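Bear in mind that the values in this text are calculations on the coordinates, not laboratory data. Computed from a prediction, not measured in an experiment: that's the story for all the values here. FYI the Cβ positions are ideal-geometry reconstructions off the backbone, even for glycines, and counts take in every protein chain you see.
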């Protein structure tokens with residue numbers, strides 16, 4: 001199965017902020033939309049980085065006093081692991097596991113078309129296992 005399967009089910013809405021937005025802006029977006037990461041996008045819509053809860057916590061542990069007023073570009077992860085809609089779900093799982101990340105932006109060329117979270121992957125895998133089990137039950141019963 002491919003990433004496109006998950007995007008088809010969850011949609012392609014991705015929350016983005018410009019690099020000039022503050023950490024406070026990002027925290028507000030994370031809380032408002034109940035998400036774990038926001039994409040930092042350039043003026044042309046390109047992915048410049050990703051800002052996650054983990055980025056915030058790591059910085060708060062070092063410099064708590066001024067964290068919220070900094071631009072997210074100062075705290076974001078700038079080396080972003082991405083995939084395409086044609087990437088297999090197993091490959092995305094492997095990337096998430098080996099890199100210890102929970103969010104992978106989906107690109108078509110350089111255009112952002114979605115984001116996949118570890119929760120999306122786990123949900124898909126559980127649904128797939130349930131479908132497989134049901135198919136086996138049906139096969140055995142027939």
Residue satisfying condition, being touching a helix residue (DSSP H, G or I) at 6+ places or on another chain (Cβ under 8 Å), at negative phi and surrounded by 18 or more Cβ atoms within 10 Å (Cβ to Cβ), within set 40, 27, 47: 40
Selection from segment 15-33 of residues that are touching a residue at least 40 places away in the same chain (Cβ under 8 Å) and part of a helix (DSSP H, G or I): 23, 24, 25, 26, 27
Filter pass, residue 7 being part of a helix (DSSP H, G or I) and touching a residue at least 12 places away in the same chain (Cβ under 8 Å): yes
Subset of segment 34-47 (residues that are in a loop (DSSP other than H, G, I, E, B), in contact (Cβ under 8 Å) with a residue 60 or more places away in the chain and under 15 Å from residue 112 (Cα atoms)): 45, 46
Odd one out for residue 107, checked against (1) more than 22 Å from residue 31 (Cα to Cα); (2) outside any strand (DSSP E or B): (2)
Matching residues in segment 110-142 - criterion: being part of a strand (DSSP E or B) and within 24 Å of residue 34 (Cβ to Cβ): 112, 113, 114, 115, 116, 117
From 89, 118, 113, residue being surrounded by 11 or more Cβ atoms within 10 Å (Cβ to Cβ), touching a helix residue (DSSP H, G or I) at 6+ places or on another chain (Cβ under 8 Å) and without any contact (Cβ under 8 Å) to a residue 60 or more places away in the chain: 118
